[in-house]
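Have a look at the structure below, then the notes.
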Amino acid sequence: MDLKLFNTETRVKEIFKPISPGLVKLYTCGPTIYNFAHIGNFRTYVFEDILRRTFEFFGYKVEQAMNLTDVDDKTIRGALAQHISLDDFTKVYKKAFFEDLKSLHIEPVEYYPEATHYIKQMIVMIEELVSQEIAYKGQDGSIYFSITKFPSYGRLSHLDKQDLQVGASERVAADEYDKESASDFVLWKAFDPERDGDIYWESPFGKGRPGWHIECSAMASALLGNTIDVHVGGVDNIFPHHENEIAQSEACFGCQFVKYWLHAEHLLVDHKKMSKSLGNFYTLRDLLDKGYTGHEVRYMLLQTHYRTQLNFTLQGLDAARFSLQRLHDFVFRLENASGQGTAPASFLPAFEEYLADDFNISGALSVLFDFIRDTNSLIDQGKVGPNEASHILSLLKKVDKVLGVIFLPPPEVPPHLEELLQKRVQARKEKNFAEADKMRDALLLEGYLIEDTPTGARLKKK
Ligand code: AMP
Ligand code: ZN
């Protein structure tokens, strides 16, 4: 089946054709690790996970890089404020990020490059741009990219050429700015002890550090090659970040950087973008503390089409919990179906068609829920037998390769409780039943029941 993607650059849905047959080279802009990521960030990462899993579902192998921005204005500011090294500062948030990915059941990707490990590659790119006279040294000692030297500058964000004329004589050293201030952007920031403390790298242009945009260009080409299939981020990355990535990479390597650009719409709160600067954010941890599970948050984030804004409310999260419960109840009913009858029509072709149409997950879910409603009614009438039920369960397992919310991995048991369980197993082997009962009671106090299964004892939450 053809897979159609909405390409931000052309603004139309295009049929996906990979550079190498059967392989998708995918680059996704990752977090700046100066704080805990909020669930707005995770909306984008959950979408990227759905996209990756959809490619896999349709038989592609995916080679993906998600970078970690571990040097920029914000990380430097944070490290200096706490009087610790940049590495000590960012490692806390890096660890938290990976824990959050796991809670949200996001598949691990092939590469998680950290910007500070690719400074050499960034310097090589900047040297090339300087030698082509596309980049130049400003009066402040920093190196800038001259946007007038790259004729198709603005093509991703469809910038007005008129606006560009105005901006071309200006320079911007900040990493983030809006379209109205489109201008020459920084590739290498000259060291400023007041701002940067003792954080700098040596380079042929003097002490300093890379601009944010060159980080992604260098990591993408180092890991995936000079032309990649798909590049994704949130819509706020279109300008300036991705526009600048195109300019740097194409000017440097002389070939197309990205074939398909995809951008996820924002998660909103009270109809404003969820963001650190507005202070209107929830971290995943805030929601876990309120008693929601990672899977409930995942479901809430994935159920809306990625090109539609999603307004976050706790009621919306409760509705996601309810939908997931329906899915899990359905699995339970199928596992226990004992009626007689013929298999209901499959939902899979329609589900696949929606997915292949620019990852239309909301369409795909509506097909699934219609099927659940119809099948539940057949189960009520005793018309679904074990064979049909097991066929449907196998279809659900297939679609859950994309959704990742139906068949949940068993929750991890804390190691000290696992140890208690093993002690109980040993005590029973030694016929020391008093000791075994003591272990059982201790586990009960911690909220766990022991389940004896054919493959041995395991713990289950009460
Ligand atoms: P940042 O750490 O700000 O660079 O953001 C990391 C990723 O999260 C980028 O791809 C952003 O576009 C995305 N992002 C930031 N805020 C939101 C939001 N409210 N909704 C969806 N994605 C977001
Ligand atoms: Zn990036």
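Data for the structure
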quantity	calculated
Calculated from backbone phi, Karplus (6.51, -1.76, 1.60) coupling profile of segment 201-216 in Hz, x at Gly/Pro	10, 7, 7, x, 9, x, 4, x, 7, x, x, 5, 5, 5, 4, 5
Whole-Hz couplings from phi, Karplus 6.51/-1.76/1.60, listed for segment 174-182; x for Gly and Pro	6, 6, 10, 7, 9, 4, 5, 9, 4
Cβ-Cβ FRET estimate between E128 and S181, R0 fixed at 30 Å, reported to 0.05	0.70
Per residue value of the accessible surface for segment 316-424 (all protein chains in place, 1.4 Å probe), Å²	50 Å²
Cβ charges +1 (Lys, Arg) and -1 (Asp, Glu), total dipole of the chain, debye	1240 debye
DSSP bridge pairs, the chain: antiparallel proportion in percent, nearest 5	50 percent
HN-Hα J in Hz across segment 287-295 - Karplus 6.51, -1.76, 1.60, θ = phi - 60°, x for Gly and Pro	6, 5, 5, 7, x, 7, 9, x, 5
Net charge of neighbours whose Cβ lies under 14 Å from the Cβ of G316, counting Lys and Arg as +1 and Asp and Glu as -1	+1
Radius 11 Å from Cβ of K13, net charge of other residues (Lys, Arg +1; Asp, Glu -1)	-1
With Cα atoms, 0 to 90° folded angle of helix 386-403 axis to the chain main axis	20 degrees
Rough spin-label spacing in nm, given labels placed 7 Å along Cα→Cβ, for T10 and Q139	4.5 nm
Mean shadow area of segment 4-264 over all directions, Cα convex hull, nm²	13.4 nm²
Rel. contact order, % - alpha carbon contacts under 8 angstrom, at least six apart, segment 114-203	27 percent
For the chain, radius of gyration divided by Kirkwood radius, i.e. Rg to Rh on alpha-carbons	1.04
Within the accessible area of the chain (1.4 Å probe), percent carbon and sulfur	51 percent
Given K17/K61; K74/K276; K161/K272; K95/K272; K290/K462; K102/K401, the pairs whose alpha carbons are separated by over 21 Å	K161/K272; K95/K272
In degrees, nearest ten, helix 361-380 long axis to first principal axis of the chain (Cα)	0 degrees
Value of relative contact order over the chain, rounded to a whole percent, pairs C-alpha under 8 Å and six or more apart	16 percent
Full-stretch length increase - K398, K276 - with 0.36 nm per residue and alpha-carbon distance subtracted	40.2 nm
Listed peptides 218-224, 245-251 by packing density, highest first (mean Cβ within 10 Å)	245-251, 218-224
For V62, distant residues with modelled amide H under 5 Å away	V24
Estimated inter-spin distance, S362 and S346, nm [label 7 Å along Cα→Cβ]	2.8 nm
Rounded, prolate or oblate (a/c below 1.5 giving rounded, otherwise prolate when a/b exceeds b/c) for segment 278-424 by Cα gyration tensor	oblate
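The values are calculated or read from the model by the stated rules, or taken from the named source; none is laboratory data. Please read all numbers here as calculations on a predicted model, not as lab measurements. Note that each Cβ is placed from the backbone with ideal geometry, even for glycine, and that neighbours are counted across all protein chains shown. These area figures cover heavy atoms from the full protein model, side chains too; ligands, DNA and RNA do not enter into them. Shrake-Rupley method; radii C 1.70, N 1.55, O 1.52, S 1.80 Å.
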